[in-house]
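Novice: A single structure is presented below for examination.
Nothing in this text is a laboratory measurement; each read-out follows from the coordinates by a stated rule. As the structure is a prediction and not an experimental result, all values here were calculated from the model. Backbone-built Cβ (ideal geometry, glycine too); neighbour counts: all protein chains shown.
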Amino acid sequence: MKNLTLKKISEICNGKLYADKRIESIEISSITTDSRKVEKDCMFVAIKGERVDGNKFINGAYEDGAIVCLSEDEPDKNSINISEKNGYIVVKSCFQALKDIAEYYREVMNTKIVGITGSVGKTSTKEMLAAVMSEKFNTLKTQGNFNNEVGVPLTLFRLSEEHELAIVEMGISDFGEMSRLGKIVKPDMCVITNIGQCHLENLGDRDGVLKAKTEIFNYLKEGGKAFLNGDDDKLATVKEVNGLEPVFFGFDKKNDIYAENVESKGLAGTVFTAVTPKGKMRLRVNVPGHHMVSNALAAVAIGLELGLDEKQIAAGVAAFKPVSGHSSIVETDRFTIMDDCYNANPVSTKAGLDVLAEAEERKVAILGDMFELGSDERKLHYEVGEYAADKGIDCIVCAGELAKEYYDGAKAAGKTEGLYYFATRDEAVDRLKNIVKENDAILVKASHGMKFEKIVEVLKQM
C-alpha cells in the first residue's frame, strides 16, 4: 500500500511502534480486521468486538504472514510472538486508528470518488453506478454493505494504483456520523438517493434525516457536485451545494435528468427513455421496480458527468445485478423469489410490494419487523399492511412482534383470505409449506435483524 510503512502508520495514528529498524520502512500489502483474511506483509488490526477480541488472533496473524499487528494493548512478551521480522503498534483506539489511516491513504491515492448515501437504495445504486462506470473506468466499489465507520476505511484500503474511480457507500444512523465519514472519504461527487423514515429513534423525523445525510456536502472536494433525487420532497428543497446547483434526477420532468415512456416488463425489468441535457437514450434495467429506474437515472447523471457515451451507459445499466438480499430475483423450480431481506423500512417495503404487484403469478408477501422506526413504529407497520392489501397481494404472511400491525392493517383494509400472522420467524417457516403454492411470486422483506434469509433458503429447498 503506497506510503504505508510501519513507521508511517505509527506516526499517522500516534501509535507506539515496536519493530526492528530494518523493517520500519517496509510498506504493508493490505489492512484487515478479519484474521481469516490475513496475507503476507499485511497489517492485522486487533479490534475488541462485542463477541470477539481480535487480540486472541495476533499470533495466528503473524504465523499467516502479517508483518505488523495494531492493538490497544501493550505487547505481552509471554503471550505475543514478536520477532525481528514483524512489528507491533499500540494505539489508544483501533477504531480511530482505522479512520486516521484511511483519511491519509485517501489523500495519497487521490482516486476520484463518488460517495453514495440515502435512506433507501444505497447498495443498489452503488451496484448500478459501478456497473455503468466499469464500462469506461477501472472501478472499485464498496463490497456488500461495508458502509459504516469500519467498513468505509476497509473499502478505501482496497484502493490501488490501477483504480481510476471508486464508488463508496456511506451509511449512518445518527448526527455527526456522516461528518466523520465525509472527513475520511472527501468525495469528488455525491449521490443522495432519498430521505426516508429510517433511524428515527436517533434522527427524530425526516427533517432530521435530511440534516444528517447532507452533512456530506461539507466534505465534497472543491468543485464537487451533488446529484440528488429530485422526486424526493426533502431533497428538492436543496437549492445549492457549496455554491453550485445540484443535479436532480427522477421521474418528474422538472428534473435535469428524467425518465419517460416507462414500460414495465413485470419481474423481467423495465424499459425507459432517459431524457438528459445531452439528448435521449433508451435503456433497459433487467431487474424489476420503479425504484430501479431511479437508480439507473443516478448512474446516467454521473456517467454523463464523467464522459461516458450512450452506448457505455446502456451497456452498464443492462449489466446491473443487485447484491443478494437487495431486491435480487431468485428463480427455483417452483417459485420466483424476490430476496429483499437485508433491510426494511416503510419506503423500501412499499417499493417491494409495488414490484410484487406487477407479477402475473399469485403474489405472496412474507413480511417481518422493520426496526429503528422510533415512536411511530406500530403506526408505520399498520400503514404498510394497509398498503399491501390495497395493492391486491394475494397472500400476506406476517412474522414478528411488530408484524402484528401488518396483519391488523391489512385486515382493516378488507383483506380476509390469504392473511396470516405468526409471532416468530420460525413459526412462519414451519407453516410455509402449507401456504405457498407452485409458481408463486414471493417477496421476502424484513429488517436484517429478523434474519429472513433463512426463509429464502427454506423456499429454495422446497
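Novice: Using modelled backbone amide H atoms (1.01 Å from N, in-plane), which distant-in-sequence or interchain residues come within less than 5 Å of residue 340's amide H?
Specialist: 327, 444
Novice: Calculate the length of the line joining the C-alpha centroid of the range 46-102 to that of the range 229-287, in whole Å.
Specialist: Each part reduced to its Cα centre gives a spacing of 47 Å.
Novice: May I ask for the angle, rounded to the nearest 10°, between helix 310-319 and the longest principal axis of the chain, with both axes built from Cα atoms and the value confined to 0 to 90°?
Specialist: Approximately 80 degrees, to the nearest 10.
Novice: A further question on this structure: Just report the Cα centroid separation between the range 339-373 and the range 292-309, whole Å.
Specialist: Cα centroid to Cα centroid, the span is 26 Å.
Novice: How far is helix 377-390 tilted off the main Cα axis of the chain, in degrees rounded to 10, range 0 to 90?
Specialist: Between helix and principal axis, roughly 50 degrees.
Novice: Hey, another quick one. With a point put 7 Å past each Cα toward its Cβ, work out how far residue 378 is from residue 74 in nm, to one decimal.
Specialist: According to this spin-label approximation, the distance is 5.5 nm.
Novice: Where a Cα-Cα gap under 18 Å defines reach, which aspartates and glutamates qualify for residue 253, not counting those fewer than 8 residues away within the same chain?
Specialist: Output for residue 253: 231, 232, 233, 245, 263.
Novice: Given R₀ = 30 Å, FRET efficiency for residue 83-residue 3 by Cβ-Cβ distance, to 0.05?
Specialist: Once the sixth-power term is evaluated, E becomes 0.75.
Novice: Within the chain, what percent of beta bridges assigned by DSSP are antiparallel, to the nearest 5?
Specialist: Of those bridges, close to 30 percent are antiparallel.
Novice: Return the loop-located trypsin sites (Lys or Arg not before Pro) in the range 191-271 (DSSP other than H, G, I, E, B) with at most 16 other Cβ atoms within 10 Å of their own Cβ; answer none if there are none.
Specialist: 221, 239, 253, 254, 265
Novice: Please compute the contact order of the range 296-429 in relative form: average sequence separation of alpha-carbon pairs under 8 Å and at least six residues apart, divided by the residue count, as a percent.
Specialist: Once divided by the residue count of the range 296-429, the mean separation gives 17 percent.
Novice: To the nearest 500 deg cm²/dmol, what mean residue ellipticity at 222 nm is calculated for the chain from DSSP H runs of n ≥ 4 alone, each contributing -39,500 (n - 2.57), summed and divided by the residues?
Specialist: Result for the chain, helices only: -9000 deg cm²/dmol.
Novice: While we're here: Once R0 is set to 25 Å, what does the formula 1/(1 + (r/R0)^6) return for the Cβ-Cβ distance between residue 110 and residue 305, expressed as a FRET efficiency to the nearest 0.05?
Specialist: 0.85
Novice: Suppose a student asked you for the relative contact order of the chain, using Cα pairs under 8 Å spaced at least 6 residues apart; what percent would you report?
Specialist: 11 percent
Novice: Students often get this wrong, so check it: of 2/112; 77/183; 126/254, which have C-alpha atoms separated by over 27 Å?
Specialist: 77/183
Novice: Still on this structure: How much length, in nm to one decimal, is gained on full extension between residue 390 and residue 416, taken as 0.36 nm per residue of separation minus their Cα-Cα distance?
Specialist: Contour length minus Cα-Cα distance gives 8.1 nm.
Novice: Here's a follow-up. Could you pull out which residues in the range 325-339 have an amide N less than 20 Å from a spot 7 Å beyond the Cα of residue 362, following the Cα-Cβ vector?
Specialist: Inside the label zone: 330-339.
Novice: Same structure, new question: So for the range 234-278: antiparallel DSSP bridges make up what percent, rounded to the nearest 5?
Specialist: 75 percent
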